[in-house]
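The structure appears below as structure tokens.
Here, each number is a calculation from the coordinates, and none is a lab measurement. What you see is a predicted model, and the numbers here were worked out from it, not measured in a lab. Cβ atoms come from the backbone with ideal geometry, glycine included; neighbour counts cover every protein chain shown.
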Amino acid sequence: MSLGNIFEIAGSGMRAEAKRMETSAGNLANAGVESGSPDDVYKAQYPIFKAVQDKANHFMNNDKPISGVEVAGIYESEEDPIQRYEPHNPLADENGLVYTPNISTVEEMANMISASRAYQVNIEMMSTAKQLIQRTLQLGEQ
Amino acid sequence: MDLDNYFGIHAKALHVREQRADQLAINLSNVDTPNYKAKDIDFKTALRQALSPTEQMVTDAPNHINAQADFSTQIKYRHPSHEAMDGNTVDKEIETAEFAHNALSYQASLSFLNSKIRTMMTALRGE
């Protein structure tokens, strides 16, 4: 049944958006972590989304088409860390500098809101599909 | 009496609506995928194709591919009203509206089928 596919599609969407929220939360939580060396600084992580379209495969094997979205990988931001002069900080290096990751909290919050909206859309699709299937099953009942 | 003919266009319409719901769901789940282009099924053409078996290729061997089985030949790219910076052309509002509209039309077809079944049941009982 084709409506059943929507559960898989919406499920893949929810998985991907949840991953996006997870990485954003991680970035926000680590935004203020200081480090004594620019190499040890936390790097912001972002998921890479990729559409799954496996219809060609499905024609050959008579399998159900697998479609939706997947997280193809996570990339780490290559922005240079912010350096601050804090000679009294116990973590400071010999020049008195401490380094913090270059993460914009505003950007991360916007990312979070966008991801949660997309998550909601997926849930609504799922519940619509559920209603339609239920009504189809009740076809012919008085 | 042929039951397929009795149920008429709505039984076929349900099938096309299902496929379309699928395609719209794929669009919506890819709302943030870079370079993803929104696609949709041309409902009118797909329904006409479903209604006329003469337009379908004959598949009489197991290794024949039934191209018309899921209307994938009717899937077309949507004309985007705007394109995001990452090349994505999914318009969340349009897709949500189309999905809701499609679901409603599906329910309408279901109601028509339901009343046909009820008519048939009344005739069978002869009350």
Next on the checklist: Taking a virtual spin label 7 Å from the Cα of B:L3 along the C-beta vector, which residues in region B:96-127 bring their backbone nitrogen under 12 Å of it?
Outcome noted: B:117
Next on the checklist: Could you compute how fast chain A diffuses translationally, taking Rh as the Kirkwood radius over C-alpha pairs and applying Stokes-Einstein at 37 °C with viscosity 0.692 mPa s? Give it in µm² per second.
Outcome noted: 179
Checklist entry - Put a dot 7 Å past each Cα toward the Cβ at B:A97 and B:N63; how far apart are the dots in nm? => result 4.9
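Compute the projected area of the convex hull of the Cα atoms of the protein assembly as shown, averaged over all viewing directions, and report it in nm² to one decimal place.
Value for the protein assembly as shown: 19.3 nm².
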Checklist outcome for this item: Relative to chain A, whose Cα atoms define the longest principal axis, helix A:2-29 and its Cα axis are tilted in degrees, nearest 10, by 10
Checklist entry - Under a GNM of chain A (C-alpha, springs under 10 Å), which listed residue has the highest mean-square fluctuation: A:A29, A:A18, A:A118? => result A:A29
Checklist entry - Picking from B:L47, A:L3, A:T128, whose Cα lies most toward the positive end of the charge dipole for the protein assembly as shown (charges on Cβ: Lys, Arg +1; Asp, Glu -1)? => result B:L47
Item to check | Shielding by partners - mean other protein chain Cβ count within 10 Å, residues of A:121-129 | outcome: 5
Checklist entry - Anyone know which of B:D86, B:D60, B:D40 comes out most mobile in the 10 Å Cα GNM of chain B? => result B:D60
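Based on the inverse mean of 1/r over its pairs of different Cα atoms, what is the Kirkwood hydrodynamic radius of chain B, in Å? Don't skip to the end; give the middle numbers.
Values: mean 1/r = 0.0595 Å⁻¹.
After inverting the mean inverse Cα-Cα distance, the result is 16.8 Å.
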Checklist outcome for this item: Connecting every pair of Cα atoms under 10 Å apart in chain A and solving the GNM, the largest mean-square fluctuation among A:Q120, A:Q45, A:Q131 falls on A:Q131
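In peptide B:10-23, how many Cβ atoms from other protein chains are near each Cβ within 10 Å, on average?
3
Please compute, for peptide B:88-99, the average count of beta-carbon atoms on other protein chains lying within 10 Å of each residue's beta-carbon. Please list the in-between numbers first.
On the way: counts 2, 0, 0, 0, 3, 0, 0, 2, 3, 0, 0, 6.
The mean count of partner-chain Cβ atoms within 10 Å per residue comes to 1.
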Next on the checklist: Ignoring everything except DSSP H segments at least 4 long, calculate the 222 nm mean residue ellipticity for chain B; use -39,500 (n - 2.57) per segment, divide by total residues, nearest 500.
Outcome noted: -19500 deg cm²/dmol
Next on the checklist: To test your reading of the geometry: what angle, between 0 and 90 degrees and rounded to tens, separates the Cα axis of helix A:105-137 from the longest principal axis of chain A?
Outcome noted: 10
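With n ≥ 4 as the cut-off for DSSP H runs, can you work out [θ] at 222 nm for chain A, using -39500 (n - 2.57) per run divided by the number of residues, rounded to the nearest 500? Could the numbers behind the result be given before it?
Working: 3 runs with 68 residues, N = 142.
Helix contribution divided over all residues of chain A: -17000 deg cm²/dmol.
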